[in-house]
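The values are calculated or read from the model by the stated rules, or taken from the named source; none is laboratory data. As the structure is a computational prediction, the values presented were derived from the model and not from experiment. Positions of Cβ are backbone-derived with ideal geometry, glycine not excepted, and every protein chain shown enters the neighbour counts. For the accessible areas, the whole protein counts, side chains as well, though only heavy atoms, and no ligand, DNA or RNA atoms are used. Shrake-Rupley method; radii C 1.70, N 1.55, O 1.52, S 1.80 Å.
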Amino acid sequence: MDNITRVSGFEGHGDGTLAALQARRQARNIDLCVLLNIAASPESVAHVNDYAIRVDREEGICAFGSVHPSNDNFAGEIARLRDAGIKGIKLHPCYQKFMIDDPAVFPVYEAIVKAGMLVLFHAGLDPLDPTKSYATPRASLKMHRLFPEMKMILAHLGGAREFGDAERCLWGEDIYMDISCMAGYAPGGVIRRFFKKHRMDRILYGSDFPWHDGEELKMLDTLPLSREQKEAVLAGNARALLGLEGI
């Protein structure tokens, strides 16, 4: 958190621990938090997934695991996560230093598809490397077309700081996208066009906690959404995607 705060200028909430997340969840009456773990190095994969499997059993937590394309045991780790009941994988092309459309990563996607798991990508630019996009909207669309069975979720409207390309390439496609960290980051006109153009049943709420804490809730209140549409974004779409209709 110290490193990201220094580079990005974001002010974090809490200390970045699971205890801080649980305190926020309880204070805001949140039913479920999806915790997105990232294996930033090949060596950290097993440790990160041990943690994901452990905390996934905590009340109110749905933890995703992670793999690293440079770790040769990615298929084994994906199978281990699946067998432990983990529903998804988080990949961060910028932190993990791979291009989303690099053919060398295709076996990872194939293993995720085989396991029937979700995969959530950081999409677009990132404050830690603002000069290079590892997951451009055009490349993300290419992967959606090459792997149509992959249950893909793209963070940040499909491309942080690349909203024009995301609008041209991705909005309206049959791809899940979240709104995490977009309040005050994406211009209001961009947000309104996104909600107008993208499928309402493919939009997921996200805060990117600990970096944001309630800003996206306020943002949703400014949009001309019906109660049913807002409920779908805040919970219904995620329930269906995660297979948690009873929550």
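Among the residues of the range 113-136, are any at pLDDT 95 or above, open to solvent by less than 10 Å² (accessible area, probe 1.4 Å), within 14 Å of the chain's Cα centre (by Cα) and on the phi > 0 side of the Ramachandran plot?
yes
Where residues in the range 13-48 are open to solvent by 30 Å² or more (accessible area, probe 1.4 Å) and of a type in the set (Gly, Ala, Ser), which of them is nearest to the chain's Cα centre (by Cα)?
ALA40
Do we find a residue being of a type in the set (A, V, I, L, M, F, W, C) and closer than 16 Å to GLY206 by Cα anywhere in the range 38-49?
No, every residue in the range 38-49 fails to be of a type in the set (A, V, I, L, M, F, W, C) and closer than 16 Å to GLY206 by Cα.
Pull out all pairs, ordered by first then second residue, where Cβ-Cβ is under 8 Å, the residues are six or more apart or on different chains, the first lies in the range 219-247 and is closer than 19 Å to MET117 by Cα, and the second is modelled with pLDDT under 95 and in a loop (DSSP other than H, G, I, E, B).
These pairs meet every condition: ALA238/LEU244; ARG239/GLU245; ARG239/ILE247.
Please indicate, with yes or no, whether at least one residue in the range 214-223 is part of a loop (DSSP other than H, G, I, E, B) and touching a His at 6+ places or on another chain (Cβ under 6 Å).
No: zero hits.
Results for (1) within 26 Å of GLN22 (Cα to Cα); (2) modelled with pLDDT of 95 or more; (3) crowded, with 21+ Cβ neighbours inside 10 Å; (4) within 17 Å of the chain's Cα centre (by Cα), shown as yes or no for each residue.
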position: ARG57; (1), (2), (3), (4): yes, no, no, no
position: VAL105; (1), (2), (3), (4): no, yes, no, no
position: HIS144; (1), (2), (3), (4): no, yes, no, yes
position: PHE147; (1), (2), (3), (4): no, yes, no, no
position: ALA155; (1), (2), (3), (4): yes, yes, yes, yes
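Could you pull out the residue among ARG192, ARG168, ARG199 that is open to solvent by 20 Å² or more (accessible area, probe 1.4 Å), touching a helix residue (DSSP H, G or I) at 6+ places or on another chain (Cβ under 8 Å) and not polar (S, T, N, Q)?
On inspection, the qualifying residue turns out to be ARG168.
PHE64 - would you say it is open to solvent by 10 Å² or more (accessible area, probe 1.4 Å) and of a type in the set (Phe, Trp, Tyr)?
So PHE64 does not fit the description; no.
Could you figure out which of (1) free of Cβ contacts under 8 Å to residues at least 24 places away in the same chain; (2) over 28 Å from MET219 (Cβ atoms); (3) open to solvent by 40 Å² or more (accessible area, probe 1.4 Å) isn't true of GLY76?
Among (1) free of Cβ contacts under 8 Å to residues at least 24 places away in the same chain; (2) over 28 Å from MET219 (Cβ atoms); (3) open to solvent by 40 Å² or more (accessible area, probe 1.4 Å), the lone unmet condition for GLY76 is (3).
Which of (1) over 18 Å from LEU204 (Cβ atoms); (2) free of Cβ contacts under 8 Å to residues at least 40 places away in the same chain; (3) in a helix (DSSP H, G or I) does ALA139 not meet, given it meets every other one?
With (1) over 18 Å from LEU204 (Cβ atoms); (2) free of Cβ contacts under 8 Å to residues at least 40 places away in the same chain; (3) in a helix (DSSP H, G or I) applied to ALA139, the lone miss is (2).
Among the residues that make up the range 226-246, is at least one of them hydroxyl-bearing (Ser, Thr, Tyr) and either assigned to a helix (DSSP H, G or I) or modelled with pLDDT under 95 (or both)?
For the range 226-246, residues hydroxyl-bearing (Ser, Thr, Tyr) and either assigned to a helix (DSSP H, G or I) or modelled with pLDDT under 95 (or both): absent.
Among the strands (runs of 3 or more DSSP E) contained in the range 37-133, which hold 1 or more residues that are aromatic (Phe, Trp, Tyr) and within 25 Å of PRO148 (Cβ to Cβ)?
Per the criteria, 61-64, 118-121.
Of the residues GLU59, GLU43, GLU11, which is closer than 23 Å to ALA115 by Cα and either of a type in the set (Asp, Glu) or in contact with a Lys or Arg (Cβ under 7 Å, 6 or more places away or on another chain) (or both)?
GLU43
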